[in-house]
Amino acid sequence: MAVELSRTCSTNDAVTIRGDRARRKTPTVAQLGRCQPSGLADPMKITLLLIVGATVVAAGIFAGITSYSEPEPNYATVVVSRGDTLWTIARKVKPGIDPRKTIYQIKQMNELESVNLKPGQTLIIPM
């Protein structure tokens, strides 16, 4: 059974051991102790990879939270006074914009079946 162990030493010499025979000379225990494992076995590389991986995962989570969060509701409330109509309220709330669109939105948000309003009635107005 051939067991292969490859390590790169500080002298940049590669030592390969197969079974009981060495390709070059048999390294001493002191020589093997000075050698560092090659590849991903280096603790600094593993630590760096874990930090980078955690950063990528955290960034993905925060990006998901930001992009899928609901926007804040943008509306105001108005208490109907005597003589108020949806037309006058729509023109006060959004001057310069066609009041018909605002009236439609007000009716939908407040589930109004008609344009008749009562003094003291509270309406949700889109902004």
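The values are calculated or read from the model by the stated rules, or taken from the named source; none is laboratory data. All values reported here derive from a predicted model rather than from experimental measurement. Positions of Cβ are backbone-derived with ideal geometry, glycine not excepted, and every protein chain shown enters the neighbour counts.
Descriptive notes on the structure:
- Enumeration of residues in the range 57-87 that are modelled with pLDDT of 85 or more and surrounded by 10 or more Cβ atoms within 10 Å (Cβ to Cβ): 75, 76, 78, 79, 80, 81, 84, 85, 86, 87
- Conditions (1) modelled with pLDDT of 65 or more; (2) in contact with a Ser or Thr (Cβ under 6 Å, 6 or more places away or on another chain); (3) not assigned by TED's automatic domain parsing to the domain that holds residue 120: number failed by residue 23: (1)
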